[in-house]
Amino acid sequence: MAAPRHGAFHPLTVAEVDRLTDDSVALTLRVPQELREVYRHAPGQHLTLRRAAAGGEVRRTYSICSAAPAADGPGPAALRVGVRLVEGGEFSTFAHKEIAAGDVLEVMVPAGRFVLDPATAPAGAHYAAVVGGSGITPVLSIAASLLAARPDARFCLVRSDRTAESTMFLEEVADLKDRYPARFQLVTVLSREEQEAGLPSGRLDEERLAALLPALLPVAEVTGWFLCGPYGLVQGAERALGALGVARSRVHEEIFHVEDAAAPVRAATATAPSHGRVTARLDGRSGTWPVRDGESLLDAVLRNRADAPYACKGGVCGTCRAFLVTGEVRMERNFALETEETEAGFVLACQSHPVTEEVEIDFDR
Ligand code: FES
């Protein structure tokens with residue numbers, strides 16, 4: 001069958017809303033038979049949900065927490081995503097207060113490259129993850145899918161939360177421990193509560209991780225690392241792994257939100273009038289349009305192609321990734337693309353402004 005279109009939305013019915021904690025819910029979405037291949041996802045991918053709002057629409061990206069379907073089986077009959085309430089967050093407030101079973105939501109096809117395909121794991125693979133808060137969501141899918149598909153694989157999860165009450169997917173993680181006692185290792189660090197004797201508490205920062213990780217597992221033998229959560233935690237974990245001699249190519253990152261004060265905004269790589277013309281290829285069709293002063297490439301494309309893929313418009317989710325075919329751009333912020341991706345020529349369209357008069361990007365690569 002044809003590959004799912006980038007940025008395509010379909011209406012899916014909410015089958016269930018589970019309250020996970022005071023400030024988080026899990027939404028289960030039913031996938032009709034005819035869309036199951038379109039919603040086939042890799043462990044770690046996310047869905048973008050949208051709703052109409054005053055002056056346009058709101059889109060938010062939520063990771064799929066359910067295990068991925070087996071490669072040789074049918075696509076998923078249901079998808080489950082975790083939604084944590086963000087203060088002032090329009091979509092998360094809507095999810096918490098209004099969404100109920102039977103509602104129909106507009107859902108984009110799965111996307112994201114923070115993934116682990118169990119079929120590609122080497123024999124005897126040993127993966128590890130460091131997650132904070134809702135960063136558990138994609139990693140739950142990654143760990144559950146890997147452990148189910150590969151009886152020779154092991155997974156170590158280090159998770160950080162404020163309190164036990166605010167910890168998402170406690171039961172699901174406990175299930176993994178029950179089901180795979182010899183292959184799933186779990187360490188929980190709670191930052192705002194005294195733990196029972198013997199369990200760690202306090203903030204999971206770089207120094208802490210650099211001491212904790214070698215005591216938990218043979219760091220040098222870990223096949224791959226998955227870091228997910230707030231910017232500060234992911235950066236701290238990345239630095240700790242670097243100090244422990246882990247090659248950057250073994251580290252995968254997904255940032256869920258950026259504390260603005262903590263995050264460096266990338267310096268402009270060139271100064272030039274940020275207008276010009278963009279040629280964009282999307283789902284096999286190309287067009288050329290003007291880019292207005294200060295406008296991003298994504299906004300220029302969206303004025304002409306409403307189906308261009310995006311979610312956060314903040315350089316975090318990576319949904320707007322495109323290949324830069326010709327020309328030069330300046331990216332404002334990038335918390336989504338790995339160094340290998342930018343070196344290979346990929347850019348975030350929502351953060352890119354033309355430096356050269358003509359720029360060509362390809363959303364299909
Ligand atoms: S839309 Fe999220 S990074 Fe561009």
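The values are calculated or read from the model by the stated rules, or taken from the named source; none is laboratory data. None of these values were measured; they are calculated from a predicted model. We place every Cβ from the backbone using ideal geometry, glycine too, and count neighbours over all the protein chains shown.
Considering each of Thr279, Thr288 in turn, give the residue that is more than 14 Å from the ligand (Cβ to nearest atom) and over 18 Å from Gly345 (Cβ atoms). Walk me through it before giving the result.
On the way: Thr279 fails: over 18 Å from Gly345 (Cβ atoms).
Of the residues listed, the single one that is more than 14 Å from the ligand (Cβ to nearest atom) and over 18 Å from Gly345 (Cβ atoms) is Thr288.
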Practice problem: Looking only at segment 103-114, decide whether some residue is buried (at least 18 other Cβ atoms within 10 Å of the Cβ), within 20 Å of Arg183 (Cα to Cα) and in contact with a helix residue (DSSP H, G or I) (Cβ under 8 Å, 6 or more places away or on another chain). | Solution: no
Quiz item: Within segment 300-329, can you find the residues that are part of a helix (DSSP H, G or I), within 13 Å of the ligand (Cβ to nearest atom) and either touching a strand residue (DSSP E or B) at 6+ places or on another chain (Cβ under 7 Å) or touching a residue at least 24 places away in the same chain (Cβ under 8 Å) (or both)?
Solution: Val301
Quiz prompt | Count - residues of segment 98-146 that are without any contact (Cβ under 8 Å) to a residue 60 or more places away in the chain and in a loop (DSSP other than H, G, I, E, B) | solution = 3
Quiz item: Among Thr28, Thr13, Thr48, which is the only one that is buried (at least 20 other Cβ atoms within 10 Å of the Cβ), among the hydroxyl-bearing types (Ser, Thr, Tyr) and assigned to a strand (DSSP E or B)?
Solution: Thr48
Quiz item: Of the numbered conditions (1) under 26 Å from Thr21 (Cβ atoms); (2) free of Cβ contacts under 8 Å to residues at least 24 places away in the same chain, Glu90 satisfies every one except a single condition; which is it?
Solution: (2)
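For every residue, the table says whether it meets (1) in contact with a Lys or Arg (Cβ under 9 Å, 6 or more places away or on another chain); (2) in a helix (DSSP H, G or I); (3) at pLDDT 95 or above.
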position: Lys177; (1), (2), (3): no, yes, yes
position: Val189; (1), (2), (3): yes, no, no
position: Glu194; (1), (2), (3): no, no, no
position: Leu204; (1), (2), (3): yes, no, no
position: Ala211; (1), (2), (3): no, yes, no
position: Trp225; (1), (2), (3): yes, no, yes
position: Ala262; (1), (2), (3): no, no, no
position: Ala268; (1), (2), (3): yes, no, no
position: Thr279; (1), (2), (3): no, no, yes
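Being touching a Cys at 6+ places or on another chain (Cβ under 7 Å) and farther than 20 Å from Leu217 by Cβ is true for just one of Ser134, Ser166, Ser141. Which residue is that? Steps first, answer last, please.
Values: Ser134 fails: touching a Cys at 6+ places or on another chain (Cβ under 7 Å); Ser166 fails: touching a Cys at 6+ places or on another chain (Cβ under 7 Å).
Unique residue meeting the criteria: Ser141.
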Exercise. Output the number of residues of segment 330-340 satisfying the condition of being more than 6 Å from the ligand (Cβ to nearest atom) and within 13 Å of the chain's Cα centre (by Cα).
Key: 3
Self-check item: segment 59-93, residues that are of a type in the set (Val, Ile, Thr) and over 14 Å from the mean Cα position of the chain (by Cα)
Solution: Val86, Thr93
Quiz item: Out of segment 341-364, which residues are assigned to a helix (DSSP H, G or I) and away from the ligand (no atom under 16 Å from the Cβ)?
Solution: Glu343
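Matching residues to (1) over 23 Å from the mean Cα position of the chain (by Cα); (2) crowded, with 21+ Cβ neighbours inside 10 Å; (3) of a type in the set (S, T, N, Q); (4) more than 19 Å from Cys65 (Cα to Cα):
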| residue | (1), (2), (3), (4) |
| --- | --- |
| Ala95 | no, yes, no, no |
| Ile99 | no, no, no, no |
| Val130 | no, yes, no, no |
| Ser145 | no, yes, yes, no |
| Pro151 | yes, no, no, yes |
| Asp161 | no, yes, no, no |
| Arg179 | yes, no, no, no |
| Arg192 | yes, no, no, yes |
